[in-house]
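Q: Quick one: this structure, given as structure tokens, is what I'll be asking you about.
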Amino acid sequence: MPEHMDQPGLAHPPGRTALVTGAGRGIGKATALALAVQGLHVVLTGRHEQRLHEAVGEIRALGGSAQALVGDLADEGFWQALAALDRSVDVMVHNASQPAPFGVIENVPIADLHGVMDSVLFAGLRLARLCVPHMKQAGFGRLVFVGSTASELGAHGQVAYAAAKSGLQGLVRSLALEVSRFGVTCNLVEPGFIDTERTRGAVSDTVRAALGARAAVGRAGTPEEVAAVIAFLSSPLASYVTGVCLPVSGGIELGLK
Ligand SMILES: NC(=O)c1ccc[n+]([C@@H]2O[C@H](COP(=O)([O-])OP(=O)(O)OC[C@H]3O[C@@H](n4cnc5c(N)ncnc54)[C@H](OP(=O)(O)O)[C@@H]3O)[C@@H](O)[C@H]2O)c1
């Protein structure tokens, strides 16, 4: 067990299950690993079977318990398979988001607007709707959504993405009001600039270095640094934190607002 996870209150009692969307790589995969270390059985979802199976293999090699559920958040079949799982979800992390192409709003195809809004916001609403009844009944639940500092700062050429992630702020604050009295917390983690395959593919090395340097800590974050915060908010220890929209950004927004 990594040293920072070896604290009373971070581990879950046996028998609990976590669901992580977009868990085949990047922040989602790091989160799945961190939650498995906390003793949760982890259901990893995403569209790429191979990536998910590799991540499940890594968790099992560490002595954890995990399974893959392959599917697209846009497909009804995926939601049916999720509803038919033989486990109830105690910890739900909605990390997946379909990237929208960079471009001014008038140039973004309608299908791409749907892709980002549906995978981030509509899927987030639907996951909450699916998971909350069991959590309320059990008197324990953790709902963690992955947003973006784009909600706080705006993002030129990424209107749909920022709109979808901003929608998660309203979702989280309102859902927290509905569920927190039942032992269910609901929070939003907002990464700043994190070094993942997605960001490596999206911007040049020069731009990446410049974006990392803009953070107060002077560098890009790692997926593990975001996962550690998600794992804390998912833990029994975080029982008095709810409705929070928390930047995990190395302070990239400081001085800009
Ligand atoms: N990296 C950053 O700097 C940064 C900054 C702010 C916010 N974030 C947010 O952090 C989260 C993770 O980012 P990341 O950098 O780790 O990128 P990533 O690897 O692209 O993670 C997104 C995941 O979502 C899954 N996904 C996308 N569309 C899907 C769909 N329609 N159905 C099911 N799964 C879908 C992808 O898996 P498959 O392709 O296998 O389906 C992918 O693994 C995202 O929500 C992102 O917006 C990242």
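Q: May I ask for the equivalent-ellipsoid semi-axes of the chain, computed as the square root of five times each C-alpha gyration tensor eigenvalue and listed largest first in whole Å? All intermediate terms of the calculation are to be shown ahead of the outcome.
A: On the way: eigenvalues 144, 84, 72 Å².
The three semi-axes for the chain are 27, 21, 19 Å.
Q: Would you mind telling me the share, in percent, of accessible area of region 174-257 contributed by carbon and sulfur at probe 1.4 angstrom?
A: Values: 2540 of 4300 Å².
Roughly 59 percent of what the probe reaches on region 174-257 is carbon or sulfur.
Q: In addition: Looking at GLN80, ALA176, PRO101, which one has the Cα that reaches farthest to the positive end of the dipole of the chain (charges on Cβ: Lys, Arg +1; Asp, Glu -1)?
A: Towards the positive end, the residue furthest out is ALA176.
Q: Just to confirm, what accessible area per residue do you get for the chain at 1.4 Å probe, in whole Å²? Let's see the in-between values first.
A: Details: 12120 Å² over 257 residues.
About 47 Å² of surface per residue is accessible.
Q: Let me ask another. Choose one answer from VAL159, VAL189, VAL43: the residue with the largest mean-square fluctuation in a GNM of the chain with alpha-carbon springs under 10 Å.
A: VAL159
Q: Return the calculated 222 nm mean residue ellipticity for the chain, to the nearest 500 deg cm²/dmol, obtained by summing -39500 (n - 2.57) across DSSP H runs with n ≥ 4 and dividing by the residue count.
A: Working: 10 runs with 110 residues, N = 257.
Mean residue ellipticity at 222 nm (helix-derived): -13000 deg cm²/dmol.
Q: Run the dipole for the chain about the Cα centre, Lys and Arg Cβ at +1, Asp and Glu Cβ at -1, nothing else charged, and hand back the magnitude in debye, nearest 20.
A: Values: 20 positive and 22 negative charges, 80 e Å.
Approximately 380 debye in magnitude.
Q: Which FRET efficiency value, to the nearest 0.05, do you get for GLU178 and ILE110 by plugging their Cβ-Cβ distance into 1/(1 + (r/R0)^6) with R0 = 41 Å?
A: On the way: r = 32 Å, r/R0 = 0.78.
The value I calculate is 0.80.
Q: Now, a different point. Going toward the positive end of the dipole of the chain, with +1 on Lys and Arg Cβ and -1 on Asp and Glu Cβ, which of VAL159, ALA66, LEU143 do you reach last?
A: The residue sitting farthest along the positive end of the dipole is LEU143.
Q: In debye to the nearest 20, how big a dipole does region 53-160 give about its Cα centre with +1 on each Lys and Arg Cβ and -1 on each Asp and Glu Cβ? Walk me through the intermediate numbers first.
A: Working: 6 positive and 11 negative charges, 100 e Å.
Here region 53-160 has a charge dipole of around 480 debye.
Q: Still on this model: Rounded to whole Hz and in sequence order, give me ³J(HN,Hα) for region 168-182 from the Karplus expression 6.51 cos²θ - 1.76 cosθ + 1.60, θ = phi - 60°, writing x for Gly and Pro.
A: 5, 5, x, 4, 5, 5, 6, 5, 4, 5, 7, 10, 5, 5, 9
Q: Using only the alpha carbon atoms of region 86-151, find the Kirkwood hydrodynamic radius as the inverse mean reciprocal pair distance, in angstroms to one decimal. Display every interim value, and only then the final one.
A: Details: mean 1/r = 0.0740 Å⁻¹.
Averaging 1/r across every pair of different Cα atoms and inverting gives 13.5 Å.
Q: Moving on to the next point. If you count, for each residue, the other Cβ atoms within 10 Å and average over each peptide, how do 224-235, 117-128, 202-213 line up from highest to lowest? Intermediate results must be reported in sequence, preceding the final value.
A: Numbers: 224-235: 23.2, 117-128: 20.5, 202-213: 12.8.
Highest-to-lowest ranking by the protection proxy: 224-235, 117-128, 202-213.
Q: What residue among ALA111, GLY218, ALA228 has its Cα farthest toward the positive end of the dipole of the chain, where the charges are +1 on Lys, Arg and -1 on Asp, Glu, each on the Cβ?
A: The listed residue farthest towards the positive side: ALA228.
The values are calculated or read from the model by the stated rules, or taken from the named source; none is laboratory data. Because the structure is a prediction, the values reported are computed rather than measured. With ideal geometry, Cβ positions are generated from the backbone for all residues, glycine too; neighbour counts draw on all protein chains shown. Ligands, DNA and RNA are excluded from the accessible area calculation, which covers all protein heavy atoms including side chains. Shrake-Rupley method; radii C 1.70, N 1.55, O 1.52, S 1.80 Å.
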